[in-house]
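Here is the structure we will look at, set down as structure tokens.
The values are calculated or read from the model by the stated rules, or taken from the named source; none is laboratory data. Given the structure is predicted, the values throughout are model-derived calculations rather than measurements. Don't worry about glycine lacking a Cβ; one is built from the backbone with ideal geometry, like all the others, and counts go over all protein chains shown.
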Amino acid sequence: MPRHILITGASVAGNTAAWALARSGCKVTVVERAPEFRDGGQNIDVRGAGREVLRRMGLEQAALDQGTGEEGTAWIDEDGRAVAEFKTEELSSDGPTAEMEILRGDLARLLYDAARKRADYRFGDHVAAIEDDGTAATVRFAGGQQERFDAVVVAEGVGSTTRERVFSGENEPRWMDLTLAYFTIARAPDDDRMWRWYHTTGGRSVSLRPDRHGTTRAMLTIQRPTEGEQDWDMDRQKRFLREQFADAGWQAPRVLAGMETASDFYFDALRQVRLARWHRGRVVLTGDAAWCATPLAGIGTTLALTGAYVLAGEIARAGDGGRLEEAFAAYEKAMRPMVEQGQNVPKIGPRLMNPHSRLGIHLLHGALHLASLPGVRDAFAKLMNRQLDEPDLSRYPA
């Protein structure tokens with residue numbers, strides 16, 4: 001009998017794992033807490049091994065075709081003038097804006113459409129309890145149903161509740177001292193195809209990014225240690241942002257006005273997930289639930305695609321009669337170097353990139369202007385596009 005595997009979470013990592021596991025012959029069930037598939041989300045990029053995974057899935061060109069159309073990144077002053085620009089077409093490699101820039105929801109939809117042809121999806125439910133007897137995992141769902149699975153793959157987000165049930169107290173988060181909110185607002189006539197990034201005093205920033213849906217993706221960030229804002233209700237979070245950005249300048253009033261009616265408002269304090277192990281018995285973690293590197297690392301989606309594909313590949317290599325614990329250990333051995341390098345974001349980075357004073361902003365803009373000059377910008381792009389110790393995907397049949 002083929003293995004029956006449960007995946008919790010239907011985003012990038014979960015859908016990738018579902019496709020790859022089903023393709024290898026496993027029976028796959030995916031459970032997602034949301035009542036229906038979620039298309040929302042901001043701009044993400046895919047690089048390196050993540051591109052290879054999409055290529056193997058036959059989705060690389062589709063992802064490129066559904067790109068946001070972002071043409072580069074510009075840091076601007078309070079009058080909207082660019083003080084430094086990095087246009088993708090002028091760079092020899094991916095820079096702040098990668099060749100493959102796509103909305104999270106658009107990529108997740110591509111993966112979901114491919115996976116649901118092979119896997120069973122259940123929306124509006126989630127795991128309430130897991131009992132592992134060494135031979136299988138008995139899962140009780142919030143909806144009341146109970147089933148046995150050969151393995152459970154937890155592919156949820158940074159705040160995964162299923163992870164906390166099985167690995168209680170094991171996560172030692174690394175807080176990055178950066179709070180952010182992002183949401184979609186109406187497109188304005190002067191919105192262009194660049195990612196426009198504006199800084200003001202107090203460690204605050206406002207950025208606007210294009211999409212392919214006729215709207216604009218807005219983000220607000222504040223550099224400071226969290227005081228629990230991520231746990232507030234949405235009304236309090238929005239009130240907090242209105243207060244913090246009331247005098248921010250540039251297009252902050254427009255962004256705050258758009259925030260009031262945004263249907264995809266997201267707010268969080270960035271922290272990395274740090275665990276000594278990603279598997280326990282018949283339960284294994286992947287994606288942000290295992291190793292969230294935060295958007296500061298710039299490779300979260302690449303890690304999600306790569307990790308899910310490697311996990312499925314190791315399970316397939318074990319065969320129906322192989323020991324899953326050994327497959328999980330091999331997956332962890334393959335992914336640890338890439339994850340640890342990806343998480344190696346200097347704690348001072350958010351402070352340097354989000355100055356609190358006008359002098360600090362002036363110095364940041366001067367450094368970025370210098371880095372954007374011909375002859376220098378390619379070196380800066382390579383610095384942004386870090387080379388990591390990626391797993392050998394040739395171990396797994398294409």
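Quick notes
- Positions within the range 105-135 being closer than 15 Å to Val283 by Cβ and either part of a helix (DSSP H, G or I) or more than 24 Å from the chain's Cα centre (by Cα) (or both), in sequence order: Ala128, Ala129, Ile130, Glu131, Asp132, Asp133, Gly134, Thr135
- Against the test of being under 21 Å from Leu303 (Cα atoms) and either modelled with pLDDT under 95 or among the hydrophobic types (A, V, I, L, M, F, W, C) (or both), the options Val166, Val152 yield a single qualifying residue, Val152.
- Applying a threshold of 7 Å to beta carbon distances and a minimum spacing of six or more residues, or different chains, the list of pairs starting in the range 184-212 at a residue that is hydroxyl-bearing (Ser, Thr, Tyr) and ending at one that is surrounded by 21 or more Cβ atoms within 10 Å (Cβ to Cβ) and assigned to a loop (DSSP other than H, G, I, E, B) reads Thr200/Ala248; Ser205/Asn354.
- Hey, Val345 in a helix (DSSP H, G or I), of a type in the set (A, V, I, L, M, F, W, C) and surrounded by 15 or more Cβ atoms within 10 Å (Cβ to Cβ) or not: no
- Complete set of residues in the range 249-265 that are at negative phi, surrounded by 16 or more Cβ atoms within 10 Å (Cβ to Cβ) and not charged (D, E, K, R): Gln251, Ala252, Val255, Leu256, Gly258, Met259, Ala262, Phe265
- Cβ pairs under 9 Å, 6+ apart, first in the range 150-174 and touching a residue at least 40 places away in the same chain (Cβ under 8 Å) and within 19 Å of Glu314 (Cβ to Cβ), second part of a loop (DSSP other than H, G, I, E, B) and of a type in the set (A, V, I, L, M): Asp150/Ala136; Ala151/Ala136; Ala155/Ala10
Yes/no per residue for (1) surrounded by 15 or more Cβ atoms within 10 Å (Cβ to Cβ); (2) assigned to a loop (DSSP other than H, G, I, E, B); (3) of a type in the set (Phe, Trp, Tyr); (4) over 27 Å from the mean Cα position of the chain (by Cα):
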site: Ala330; (1), (2), (3), (4): yes, no, no, no
site: Met335; (1), (2), (3), (4): yes, no, no, no
site: Arg351; (1), (2), (3), (4): yes, no, no, no
site: Gly366; (1), (2), (3), (4): no, no, no, yes
site: Leu388; (1), (2), (3), (4): yes, yes, no, no
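- For the range 178-215, filtered to residues that are of a type in the set (Ser, Thr, Tyr) and over 19 Å from the mean Cα position of the chain (by Cα), the residue that is nearest to Arg81 (Cα to Cα) is Tyr198.
- Of all residue pairs spaced 6 or more apart or on separate chains, those with beta-carbon atoms under 8 Å, a first member in the range 215-236 that is closer than 18 Å to Gly40 by Cβ and in contact (Cβ under 8 Å) with a residue 24 or more places away in the chain and a second member that is assigned to a loop (DSSP other than H, G, I, E, B) and acidic (Asp, Glu) are Thr216/Asp191; Arg217/Asp211.
- Some residue of the range 300-318 being in a loop (DSSP other than H, G, I, E, B) and either within 27 Å of Phe149 (Cβ to Cβ) or not charged (D, E, K, R) (or both): no
- So Trp291, is it aromatic (Phe, Trp, Tyr) and either farther than 21 Å from Thr8 by Cβ or in contact with a strand residue (DSSP E or B) (Cβ under 6 Å, 6 or more places away or on another chain) (or both): no
- Of all residue pairs spaced 6 or more apart or on separate chains, those with beta-carbon atoms under 6 Å, a first member in the range 104-128 that is more than 9 Å from Asn15 (Cβ to Cβ) and a second member that is modelled with pLDDT under 95 and among the aliphatic types (A, V, I, L, M) are Arg104/Ile44.
- Scan the range 368-386 for residues that are within 30 Å of Ile315 (Cα to Cα) and part of a helix (DSSP H, G or I) and the total you get is 0.
- Verdict on Thr201 being of a type in the set (S, T, N, Q) and either in contact with a Cys (Cβ under 9 Å, 6 or more places away or on another chain) or at pLDDT 95 or above (or both): yes
- Selection within the range 292-328 - free of Cβ contacts under 8 Å to residues at least 24 places away in the same chain and surrounded by fewer than 21 Cβ atoms within 10 Å (Cβ to Cβ): Ala318, Gly319, Gly321, Gly322, Arg323, Glu326
- Of all residues making up the range 245-270, the number that are of a type in the set (D, E, K, R) and farther than 24 Å from Cys292 by Cβ: 3
- Strands (runs of 3 or more DSSP E) enclosed by the range 136-216 - at least 3 residues per element that are among the aliphatic types (A, V, I, L, M) and either out of contact with any Gly (no Cβ under 7 Å at 6 or more places or on another chain) or crowded, with 21+ Cβ neighbours inside 10 Å (or both): 151-154, 174-186
- Any hit, the range 297-307, residues being in contact with a Phe, Trp or Tyr (Cβ under 8 Å, 6 or more places away or on another chain) and β-branched (Val, Ile, Thr): no
- Selection status of Gly258, touching a residue at least 40 places away in the same chain (Cβ under 8 Å) and either closer than 30 Å to Met338 by Cβ or among the aliphatic types (A, V, I, L, M) (or both): no
- Residue match in the range 89-97 (condition: farther than 20 Å from Gly300 by Cα and of a type outside the set (D, E, K, R)): yes
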